[in-house]
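Input: a single structure, listed below in structure tokens.
The values are calculated or read from the model by the stated rules, or taken from the named source; none is laboratory data. Just so it is clear, the model here is predicted, and its values are computed rather than measured. Here Cβ is always computed from backbone atoms with ideal geometry, including for glycine, and neighbour counts include all displayed protein chains. Protein only, heavy atoms only, side chains kept; ligands, DNA and RNA dropped before computing areas. Shrake-Rupley method; radii C 1.70, N 1.55, O 1.52, S 1.80 Å.
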Amino acid sequence: MTDFEPLYRGAEGARTAFPVAGSRLRQPPFDLPRWETRPGAPPALVIRVFPEGERELRIQEFLETPFDLREGPPLRQMLLGIGDPPAWSLVTQVHHAASDLIGTLLFVQRQLRMARGLDTMPPRPQVVAPELLQPPKGARRNPGARVSAALATRAGPASADRRWRTIIVPREPLASLSQTVGGFRWNDCLLAAALDALAVWNEQQGVSAERIGLWVPMNTRTERLRGFGNGVSRIRVHRERVSGTQSRAFLERCRSVRRIVYRKKRTGEWAVPPVPVPPPLFPVAAPFLRRWLYRPWADFGTAGFTHLESWPGEEDPVLNEVTGMEVIACLHERHPLFFAAMSRGEHTAVTITWDPALLRDEDIDFIAAAFEAPLVDPPFLRSGQPWTRPH
């Protein structure tokens, strides 16, 4: 790859299609914050080439540079070449105030399509946020009173450093069995594996595994795969006790997760509470609202988990030459670890992001192995017991 001009043009074209990606945040004295396009904004894309073995270090450096939303855009990219000849990675970082993962993938898809000459400029840029689902009446936003158990970590304060590891998990046989047996889906298998892995880790560390919970982002767009912006809320999925033989426990865990997810979506735990603050009072009220959202008894789960089973551009030919994708998660201050999964074809790439001040590499070895084991070699397939549909 030697001609970078198409990628530059694609990045600028995507910023024209999604103007927020090239805007800065303005806070008028007596009004709500708003995005404002900025003539002469810094380029969306920079190019860097480094020696072999420096890929993770250089990505870390890029991600550690803080955003200043009052001065610069909320989306930036680095085209990173490693080695000679270089192997290229397109690193895209987006501030969560501007967009979620769906919006980020929409940006990258538009960029690559314009770079290949497959798309032209849209007739009208997207100037409003995506339309979101309306919560059901009587939505239960915070059911239950107990906070999730904390993950066992190394003693000491959290840091802004990030490490990550990606493992590739085959979707079979569980994805097919979910169709034939019923009662769970592939997404439920991933959630169940993450819950069990965190529980086993806590037990191994001599810490209670009761009330293990995952903070699970939920896409609330009315059109699931359209709209640059942040259309994500969350539900929390907690690990419940399951019955049955040890070999069948994971199967029952998957079914338990399916029931929890269905119930929480239906009852509207994902609903964002309205904050009827008059615009002139917002600058004064914002710190108090933030303090309330992050109150000590709010349940942020033991860790975070997200999975995109379908996503913008998944089947787009423009991605045929892309050999892999990693999602390095933004860790909340209460999350020492986050699972981010993307399915494509017969495999799911699961990137585990963690804070190295709280967890060591060998800790992640243990958690990753515990997560992967029931997915790669399901214990209930080894049991020899016949399959039955749940009653």
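Here is a check on your reading of the model: is Q93 open to solvent by less than 70 Å² (accessible area, probe 1.4 Å), within 24 Å of P130 (Cα to Cα), in contact (Cβ under 8 Å) with a residue 12 or more places away in the chain and of a type in the set (S, T, N, Q)? Reasoning before the result, please.
Numbers: open to solvent by less than 70 Å² (accessible area, probe 1.4 Å): yes; within 24 Å of P130 (Cα to Cα): yes; in contact (Cβ under 8 Å) with a residue 12 or more places away in the chain: yes; of a type in the set (S, T, N, Q): yes.
Here the answer is yes, as Q93 does meet what is asked.
Scan region 337-344 and tell me whether some residue there is at pLDDT 95 or above and open to solvent by 10 Å² or more (accessible area, probe 1.4 Å).
Taking region 337-344 and keeping what is at pLDDT 95 or above, we get 337-343.
Retained after the next criterion (residues that are open to solvent by 10 Å² or more (accessible area, probe 1.4 Å)): 338, 342.
For region 337-344, residues at pLDDT 95 or above and open to solvent by 10 Å² or more (accessible area, probe 1.4 Å): present.
Quick check on my filter: what residues within region 46-59 are without any contact (Cβ under 8 Å) to a residue 40 or more places away in the chain and aliphatic (A, V, I, L, M)?
V46, V49, L57 - these are the residues of region 46-59 that are without any contact (Cβ under 8 Å) to a residue 40 or more places away in the chain and aliphatic (A, V, I, L, M).
Quick check on L195: is it more than 19 Å from the chain's Cα centre (by Cα), of a type outside the set (G, A, S) and crowded, with 19+ Cβ neighbours inside 10 Å? Full working, then the answer.
Values: more than 19 Å from the chain's Cα centre (by Cα): no; of a type outside the set (G, A, S): yes; crowded, with 19+ Cβ neighbours inside 10 Å: yes.
Criteria not met by L195.
If you go through region 375-385, how many residues are open to solvent by 20 Å² or more (accessible area, probe 1.4 Å) and in contact (Cβ under 8 Å) with a residue 24 or more places away in the chain? Steps first, please.
First, the residues of region 375-385 that are open to solvent by 20 Å² or more (accessible area, probe 1.4 Å): 376-377, 379, 381-385.
The next check asks that each one be in contact (Cβ under 8 Å) with a residue 24 or more places away in the chain; those that pass are 376, 379, 381-383, 385.
Adding up the residues that qualify gives 6.
Just the residues that are under 25 Å from V350 (Cβ atoms) and among the hydroxyl-bearing types (S, T, Y), please, taken from region 268-322.
Of everything in region 268-322, those that are under 25 Å from V350 (Cβ atoms) and among the hydroxyl-bearing types (S, T, Y) turn out to be T302, T306, S310.
Which one of T65, T92 is hydroxyl-bearing (S, T, Y) and at pLDDT below 95?
T65
Can you pull out the residues in region 230-271 that are among the charged types (D, E, K, R), touching a helix residue (DSSP H, G or I) at 6+ places or on another chain (Cβ under 8 Å) and free of Cβ contacts under 8 Å to residues at least 60 places away in the same chain? Quick ask: steps written out before the conclusion?
Here is the first cut: in region 230-271, the ones among the charged types (D, E, K, R) are 234, 236, 239-241, 248, 252-253, 255, 258-259, 263-266, 269.
With touching a helix residue (DSSP H, G or I) at 6+ places or on another chain (Cβ under 8 Å) added as a condition, the list becomes 236, 239-240, 248, 253, 255, 258.
The answer is R239, E240.
If M114 satisfies every condition in (1) over 23 Å from G72 (Cβ atoms); (2) more than 25 Å from the chain's Cα centre (by Cα); (3) surrounded by 15 or more Cβ atoms within 10 Å (Cβ to Cβ); (4) not aromatic (F, W, Y) but one, which is the exception?
(1)
Against the conditions (1) in a helix (DSSP H, G or I); (2) open to solvent by less than 50 Å² (accessible area, probe 1.4 Å); (3) closer than 30 Å to G22 by Cα, where does R255 fall short? Just the number, please.
The one condition R255 does not meet is (3).
Confirm whether R236 is of a type outside the set (G, A, S), at positive phi and either open to solvent by less than 50 Å² (accessible area, probe 1.4 Å) or assigned to a loop (DSSP other than H, G, I, E, B) (or both). Before the answer, list the steps.
Working: of a type outside the set (G, A, S): yes; at positive phi: no; either open to solvent by less than 50 Å² (accessible area, probe 1.4 Å) or assigned to a loop (DSSP other than H, G, I, E, B) (or both): yes.
Criteria not met by R236.
Within the bounds of region 272-282, is there any residue that is of a type outside the set (A, V, I, L, M), surrounded by 16 or more Cβ atoms within 10 Å (Cβ to Cβ) and either touching a residue at least 24 places away in the same chain (Cβ under 8 Å) or in a helix (DSSP H, G or I) (or both)? Walk me through how you get there before you give the answer.
Residues of region 272-282 of a type outside the set (A, V, I, L, M): 273-274, 276, 278-280, 282.
Imposing the further condition that a residue be surrounded by 16 or more Cβ atoms within 10 Å (Cβ to Cβ) reduces the set to 282.
Cutting the leftovers down to either touching a residue at least 24 places away in the same chain (Cβ under 8 Å) or in a helix (DSSP H, G or I) (or both) gives us 282.
Yes, the conditions are met somewhere in region 272-282.
Among the residues of region 209-216, is any touching a residue at least 12 places away in the same chain (Cβ under 8 Å), assigned to a helix (DSSP H, G or I) and over 26 Å from E362 (Cβ atoms)?
From region 209-216, those touching a residue at least 12 places away in the same chain (Cβ under 8 Å) are 209-216; that's our starting set.
So of that shortlist, the ones also assigned to a helix (DSSP H, G or I) come out as none.
No: region 209-216 contains no residue that is touching a residue at least 12 places away in the same chain (Cβ under 8 Å), assigned to a helix (DSSP H, G or I) and over 26 Å from E362 (Cβ atoms).
Tell me which residues, restricted to region 1-52, are under 19 Å from R113 (Cα atoms), among the aromatic types (F, W, Y) and out of contact with any Phe, Trp or Tyr (no Cβ under 8 Å at 6 or more places or on another chain).
F4, Y8
Criterion first (open to solvent by less than 20 Å² (accessible area, probe 1.4 Å) and touching an Asp or Glu at 6+ places or on another chain (Cβ under 9 Å)) does A98 satisfy it? Give the steps one after another, and end with the answer.
Values: open to solvent by less than 20 Å² (accessible area, probe 1.4 Å): yes; touching an Asp or Glu at 6+ places or on another chain (Cβ under 9 Å): no.
Criteria not met by A98.
Can you pull out every residue in region 35-47 that is surrounded by fewer than 16 Cβ atoms within 10 Å (Cβ to Cβ) and at pLDDT 90 or above? Don't jump to the end; show me each part of the working.
So in region 35-47, the residues surrounded by fewer than 16 Cβ atoms within 10 Å (Cβ to Cβ) come out as 36-40, 42-43, 46-47.
Selection gives E36, V46, I47.
Got a sec? Which of F30, F4, F67, F62 is surrounded by fewer than 17 Cβ atoms within 10 Å (Cβ to Cβ), without any contact (Cβ under 8 Å) to a residue 60 or more places away in the chain and of a type outside the set (D, E, K, R)? Let's see the steps before the verdict.
Numbers: F30 fails: without any contact (Cβ under 8 Å) to a residue 60 or more places away in the chain; F4 fails: without any contact (Cβ under 8 Å) to a residue 60 or more places away in the chain; F67 fails: surrounded by fewer than 17 Cβ atoms within 10 Å (Cβ to Cβ).
The conditions single out F62.
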